[in-house]
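The values are calculated or read from the model by the stated rules, or taken from the named source; none is laboratory data. Just so it is clear, the structure is predicted and the values come from calculations on it, not from any experiment. Heads up, the Cβs are rebuilt from the backbone with ideal geometry, glycines too, and the neighbour counts pull from every protein chain shown. These accessible areas exclude ligands, DNA and RNA; they are computed on the full protein's heavy atoms, side chains included. Shrake-Rupley method; radii C 1.70, N 1.55, O 1.52, S 1.80 Å.
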Amino acid sequence: MRVSFLLISAALALTSCAAPEPTAATPTRADTPLAAQSVLAWTNLRQGDSGRDVVTLQYLLRHAGYTLTVDGAFGPSTDSAVRSFQAARGLTVDGIVGGNTWEKLIVITREGDNNNAVRAVQDQLRNAYGAGVTVDGAFGPATATAVRNFQSSRGLSADGIVGLNTWHALVTGASGGSSTTASLAKQILASGRITLGTSSSTSGGSPRQNVLDTSNGLPARRGCASNANCGLTVYLKRSMLQGTLNLAAAGNSFYVTSIAGGVHSATSDHYAGLAIDIGIWNGVSLSSPSSAHTRARNACIAAGSDPSQTFDAYNDPTGGHKNHVHCAWN
């Protein structure tokens, strides 16, 4: 079972949402590893997963000296590298990248560095958060500015140094600012226009429970394509939560049938905390194709969802969206 590890330090406690980044004993070295320095919960990864965070993992493994392709797919070669890394660092060798493994992999990066860890930072900034940086491994002024902007948006100390808290925010999407994922989740729970389903084939993975857990700063329980109760978790992403609120702010009322729970395709955005399924749109059931499908899809796109990943009965490459509308944000 995949669990999120809470790593507790006796030496450092987070005293505010804008606490300075933890630094290591020799902070001038670009390859200084980060130990367990604060109370943090990480999204777990294992073989079969894919996406942006797997890209980060693969770049960090390359930085640690392992030879593997950076393709965003957690396949056998990535699993082998993870297990080898875990064995070399005295960790439990299970192939699961949880809190202990993440915090051994990540290293402090700053302006002037040039390595694969910097590529991991740049890839997250560019492809997960829309920053205009080049993924070239060179931590120059443009990357430093993008890091500071990201830190400011997350309520972190904007020092341009990618330490433990910034790594955690990049990978999990967690925020320390006024628009945190927890605060957005609370707004969703309080909205009279958003109804969250209370059932799911994933135990504890209903839409309402997913959002409740997020409102409490916890990861949401998710399913897998082969097993609704595979024991995995994911942090719901800010873009999806904000997009859901944007739909309601536009005057729409809707019923959410799935977020992270349930059985979807192996690479589904549901499992990345980026998608919702809508079953009722402004009082009209979407259980069969109708013009309400089109209206709901168009509204999701207007609220920032990715048109190429927003499916309904009439825009449905897999044939699996005839009884709901699927909206996914980047």
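Per-structure values
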quantity	calculated
Odd one out for SER287, checked against (1) among the polar types (S, T, N, Q); (2) more than 28 Å from ARG154 (Cβ to Cβ); (3) under 15 Å from the mean Cα position of the chain (by Cα)	(3)
Among residues of the stretch 201-227, those that are surrounded by fewer than 22 Cβ atoms within 10 Å (Cβ to Cβ) and either more than 16 Å from the chain's Cα centre (by Cα) or in a loop (DSSP other than H, G, I, E, B) (or both), counted	12
Residue in the stretch 292-308 that is within 18 Å of the chain's Cα centre (by Cα) and without any contact (Cβ under 8 Å) to a residue 40 or more places away in the chain present	yes
Selection from the stretch 117-169 of residues that are of a type in the set (A, V, I, L, M, F, W, C), under 21 Å from the mean Cα position of the chain (by Cα) and assigned to a helix (DSSP H, G or I)	ALA117, VAL118, ALA120, VAL121, LEU125, ALA128, ALA146, VAL147, PHE150, LEU164, TRP167, ALA169
In the stretch 44-97, residue nearest to LEU236 (Cα to Cα) [restricted to those that are acidic (Asp, Glu) and part of a helix (DSSP H, G or I)]	ASP53
Close pairs from the stretch 222-240: first over 13 Å from GLY48 (Cβ atoms) and touching a residue at least 60 places away in the same chain (Cβ under 8 Å), partner open to solvent by 20 Å² or more (accessible area, probe 1.4 Å) and among the small types (Gly, Ala, Ser), Cβ under 6 Å, at least 6 apart	THR233/SER4
Matching residues in the stretch 81-117 - criterion: being among the hydroxyl-bearing types (Ser, Thr, Tyr), open to solvent by less than 40 Å² (accessible area, probe 1.4 Å) and under 15 Å from ASN44 (Cβ atoms)	THR101
Qualifying residue in the stretch 68-80 (condition: open to solvent by 10 Å² or more (accessible area, probe 1.4 Å) and β-branched (Val, Ile, Thr))	yes
Any chance GLY173 is at pLDDT 95 or above, within 21 Å of ALA275 (Cβ to Cβ) and open to solvent by less than 10 Å² (accessible area, probe 1.4 Å)	no
When residues of the stretch 265-284 are limited to those that are within 14 Å of HIS321 (Cα to Cα) and more than 16 Å from the chain's Cα centre (by Cα), the one surrounded by the most Cβ atoms within 10 Å (Cβ to Cβ)	ILE278
Residue match in the stretch 124-138 (condition: open to solvent by less than 10 Å² (accessible area, probe 1.4 Å) and under 22 Å from MET240 (Cβ atoms))	yes
Failed item, numbered, when GLY283 is tested on (1) touching a Phe, Trp or Tyr at 6+ places or on another chain (Cβ under 9 Å); (2) modelled with pLDDT of 95 or more	(1)
